[in-house]
Amino acid sequence: MTRRFLSDYLRETFGCKVYKLSLSSGCTCPNRDGTVGWGGCVFCSAGGSGDFATSFEDVNVQIEKAKLRVDGKFPKSTSKDERKYIAYFQSFTATHAPAEKLEPLFDAAISRNDIVSLSIGTRPDCLPPETVALLSRLNRRKPVWVELGLQTVHEKTAAEMNRCFTLDVFEKAYADLKNAGLTVIVHVILGLPGESRDDMLETVRYLSELNPTLDGIKLHLLHVLEGTALAEIYRKKNFHIFTLEEYCTLVADCLDLLPSSTVVHRMTGDGPKKILVAPLWSGDKKRVMNALKAELASRGQTKDGTSP
């Protein structure tokens, strides 16, 4: 089965090349500030999964700074007025604040002519009705994507990772968002300590059977980063870290389980090299992407011209 990848989906949807701008909402996380727990998820860095995002300040200032990071990727023939972006509120939990505080922030981003879509990274336990209603209103103006960090369906792993919400919380949030007409993208981490290969495939199989059908998925390679609780666990337990070959095979197996309509937004992830403990091979992004493309091509999951 030929998969749908984000690059092609963006061209189909917006008619041009589009890049994401990683931004900050100024929010923290409920399992960092004591709302549901302390310390955050064990794999999460000090940047709250937004290590490449701009620091929090006026949203228009953030956007202009973030544009400088990606504008070199556009063809030289693309004028500044033709360049289009997605405003991606990535750091920490971007809806961990009252809706009345979030509205002017998100509105400022979505009101810009150069922003074609809004993408909100959050947790299922930070989506009260008033926030879902806000995102639904914004979605009537431009597309709004909600990116939910699930990581795993296995409660034992989730507890050990200090995720601080259960699967039923995810299920309610997913239903609420889909009922509100929003696009939902779910994040999964492959390689969490204690999980077998079958456990990871079970998480993806669960997502493949969601009703309504899952709009998009991000598969992340587990990165062990300096300064995280996970780094300490790794040094004490030395749990298994994928080889590049193992990871490519697993990603292809995961994609085989998904409906053809589910868009693949990510197949790995970037850990800042200066704090990357393991796996060190993941620091060579070009090598990783070439290996993934080769594995998918061998299975007929890509077509000529596709850029996963």
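The values are calculated or read from the model by the stated rules, or taken from the named source; none is laboratory data. Not measured: the values here are computed from a predicted model. Backbone-built Cβ (ideal geometry, glycine too); neighbour counts: all protein chains shown. Side chains included, ligands, DNA and RNA excluded: accessible areas come from the protein's heavy atoms. Shrake-Rupley method; radii C 1.70, N 1.55, O 1.52, S 1.80 Å.
Observations on the structure shown:
- Odd one out for Lys76, checked against (1) assigned to a loop (DSSP other than H, G, I, E, B); (2) of a type in the set (Lys, Arg); (3) open to solvent by less than 40 Å² (accessible area, probe 1.4 Å): (3)
- The range 138-183: number of residues that are assigned to a loop (DSSP other than H, G, I, E, B), more than 30 Å from Thr228 (Cβ to Cβ) and open to solvent by less than 10 Å² (accessible area, probe 1.4 Å): 1
- A single entry from Gly34, Gly15, Gly39 fulfils the requirement of being farther than 30 Å from Met161 by Cα, open to solvent by 10 Å² or more (accessible area, probe 1.4 Å) and among the small types (Gly, Ala, Ser): Gly15.
- Test result for Leu192, at pLDDT 95 or above, touching a strand residue (DSSP E or B) at 6+ places or on another chain (Cβ under 9 Å) and either at negative phi or surrounded by fewer than 15 Cβ atoms within 10 Å (Cβ to Cβ) (or both): yes
- Within the range 82-89, the presence of a residue that is over 18 Å from the mean Cα position of the chain (by Cα), without any contact (Cβ under 8 Å) to a residue 12 or more places away in the chain and outside any loop (DSSP other than H, G, I, E, B) is excluded.
- Reported count of residues in the range 107-137, each being in contact (Cβ under 8 Å) with a residue 60 or more places away in the chain and assigned to a helix (DSSP H, G or I), is 3.
- Positions within the range 184-216 being in a strand (DSSP E or B) and in contact with a Lys or Arg (Cβ under 8 Å, 6 or more places away or on another chain), in sequence order: Val184, Ile185, Val186, His187, Val188
- The residue pairs whose first member lies in the range 268-293 and is within 18 Å of Val188 (Cα to Cα), whose second member is among the acidic types (Asp, Glu) and open to solvent by 40 Å² or more (accessible area, probe 1.4 Å), and whose beta carbons are closer than 9 Å, counting only pairs six or more residues apart or on different chains, are Asp270/Asp51; Gly271/Asp51; Ser282/Asp270.
- Scanning the range 92-121 for residues that are open to solvent by 10 Å² or more (accessible area, probe 1.4 Å) and among the hydroxyl-bearing types (Ser, Thr, Tyr) yields a single hit, Ser111.
- Taken over the range 195-216, the criterion of being in contact with a Ser or Thr (Cβ under 7 Å, 6 or more places away or on another chain) and open to solvent by less than 30 Å² (accessible area, probe 1.4 Å) is satisfied by Glu195, Thr203, Leu214, Gly216.
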